[in-house]
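Undergrad: Submitted below is the structure of interest, expressed as structure tokens.
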Amino acid sequence: MGSGYGKKPVGKMVIMGIVSIALYTALLLNQETFNNYFGRGGLYTILPIATAFIFSFIHGSFIGNFWTVLGVEAAKKKEVE
Amino acid sequence: MHDIVNAAANFINLDIVNITYLFLVGFVGGLVSGFIGSGGAFVLTPGMMSLGVPGLVAVVSNMCHKFPKALVGAIKRAKYGQVDVKLGIVLGISAEAGVLYGAHIQENIKKAFGDAGSNLYVSAAFVVILAVVGTFVLRDAWKTYKSGSTHEEEKVTKIAKWVQSINIPGTMVYFKSLNARISVLFTIPLGFATGMLAATIAVGGFIGVPSMIYVLGAPSLMASATELVIAFVMGLGGSFKYAMHGLVDIRLAMIILGGSLFGIQLGAIGTTYVKPFMIKVVMGVIMVIVLFSRALMVPVYMSQLGLIGQLGDTAVKALKSTSFAIMIFALALGAFIVLKAMWQGRRAENCLHRKLSDIAKCNYGQSIVMGRYKKMLVAIDGSESSMH
């Protein structure tokens, strides 16, 4: 929908997208293992917390670039170039 | 460690349909939460519960997906100059205490009454809070709309004026979102209630955002952005607390995160396109619809606990599917309102990007274009959104 200004971070988006998909594939193909360890509590508490941060960072970065590439940005960021 | 066996039994099977559903629920939840800043968990928690996830696991998994997401959202909105970090951290600290207390209650209820008790507690809390806050927010949005001053700065309420006028030596702190010095003592009960609610239904924003607006006197855009800081602080603490007992279903949390990160960034971008009162409208409307969805489930849980007579299978099924349908309706409506507002804002903006002579080609009346333009001038003047 955007007309697009300047360079778009297509490369970054693709890399982060691939890493993100890999993470999700790993999680969903090994549900049993994940549930087993992550549901243990105690010292294993760190696992879900760390996972949340990692997924959030990788996936968040992918999506940030994704919307930028699509040209969806905040109102009035730039004037016409 | 004692909950290990129970916890494993709490994790439902996920097939491709469930995963897709959770992803979509996550997207809309994120969209709404990026827009109104309250985590969107009132969409996500019931959304998960509709799949048969126990109330407590839904709340916990929600919280675990929420804190990193809140961080992403807060950073994004800080770029638009909407975040008051100091207020967020001050409220976040007392919210943390509220989370720990609320989590304690949750665990005791689950121990004493099992999943049905926990479900009833979560649903009843939803209904009461949604009814009170939803009505209040909608009434306020309606008043703003009727007064016709939708472009004007929001007025500071009488309570907020009073709060800002009280001087308790040694406790006064200046907050940029309020543009005033207030006593931090006022933030403690607000933060605590926010945290307690977050541990109960995973939506602290229902108290946090309105209390910042109405009690402290923050503009709604800043309140909803600052809430993300609070959500991060208390979400991290709460997740730790619950994960210690093995209650986090990481699959649920991450699938919802996957969808909601798409939504939250879009929602945050959306806030820069709309009038402030629209945020209140979206918040209020969704609250009230979700209220009905959860209220329908209350008799089901009550009958499971034996508090009322046994409900027939048909009645239970009918209540469950109606509740689910209403939920879906709320999701779709929320997404529609936010996306439509963004779409219109972008079209108007694109018109402005073109040469003056081309403006006539746009499908917008001059008054709309000028209205948006005026708003943008205000935004460019006062925010960082135009700087980067």
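Undergrad: Just checking, which of B:217, B:238 is of a type outside the set (Asp, Glu) and in contact with a Cys (Cβ under 9 Å, 6 or more places away or on another chain)?
TA: B:238
Undergrad: Another one. Which members of region B:1-39 meet the condition of being polar (S, T, N, Q) and at pLDDT below 70?
TA: B:6, B:10, B:38
Condition check ((1) closer than 17 Å to residue B:44 by Cα; (2) outside any helix (DSSP H, G or I)) across all residues:
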site	(1), (2)
B:274	no, yes
B:279	no, no
B:282	yes, no
B:301	no, no
B:308	no, yes
B:323	yes, no
B:327	yes, no
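Undergrad: Something else about it: Can you name every residue in region B:227-274 that is polar (S, T, N, Q) and out of contact with any Lys or Arg (no Cβ under 7 Å at 6 or more places or on another chain)?
TA: Answer for region B:227-274, where residues must be polar (S, T, N, Q) and out of contact with any Lys or Arg (no Cβ under 7 Å at 6 or more places or on another chain): B:239, B:271, B:272.
Undergrad: Give the residue, chosen from B:222, B:327, that is under 17 Å from the mean Cα position of the chain (by Cα), over 30 Å from residue A:48 (Cβ atoms) and more than 9 Å from chain A (Cβ to nearest Cβ).
TA: B:222
Undergrad: Mind checking which residues of region B:234-253 are part of a helix (DSSP H, G or I) and either at the interface with another protein chain (Cβ under 7 Å from one of its Cβ atoms) or among the basic types (Lys, Arg) (or both)?
TA: Scanning region B:234-253 gives B:239, B:240, B:241, B:243, B:250, B:251, B:253.
Undergrad: Further, regarding this structure: List the number of the failed condition for residue B:42; all other conditions in (1) at pLDDT 75 or above; (2) in a helix (DSSP H, G or I) hold.
TA: (1)
Undergrad: How about region B:40-82: which of its residues are over 16 Å from residue B:240 (Cα atoms), away from chain A (no Cβ under 14 Å) and in contact (Cβ under 8 Å) with a residue 60 or more places away in the chain?
TA: Once the filter is applied, which keeps residues that are over 16 Å from residue B:240 (Cα atoms), away from chain A (no Cβ under 14 Å) and in contact (Cβ under 8 Å) with a residue 60 or more places away in the chain, region B:40-82 yields B:40, B:41, B:42, B:43, B:44, B:45, B:46, B:47, B:48, B:49, B:50, B:55.
Undergrad: Give the residues of region B:154-194 that are touching a strand residue (DSSP E or B) at 6+ places or on another chain (Cβ under 8 Å) and over 21 Å from residue B:81 (Cβ atoms), sorted by residue number.
TA: Residues satisfying the conditions are B:163, B:164, B:166, B:167, B:168, B:171, B:172, B:183, B:184.
Undergrad: Oh, and also: Of everything in region B:265-275 that's over 16 Å from the mean Cα position of the chain (by Cα) and not β-branched (Val, Ile, Thr), which residue is surrounded by the fewest Cβ atoms within 10 Å (Cβ to Cβ)?
TA: B:275
Undergrad: When region A:17-70 is examined, which residues are found to be surrounded by fewer than 20 Cβ atoms within 10 Å (Cβ to Cβ), more than 9 Å from every other protein chain (Cβ to nearest Cβ), within 20 Å of residue B:263 (Cα to Cα) and not β-branched (Val, Ile, Thr)?
TA: Within region A:17-70, A:17, A:70 qualify.
The values are calculated or read from the model by the stated rules, or taken from the named source; none is laboratory data. Just so you know, these numbers come straight off a predicted model, no measurement behind them. In this analysis, Cβ positions are derived from the backbone assuming ideal geometry, glycine residues included, and neighbour counts consider all displayed protein chains.
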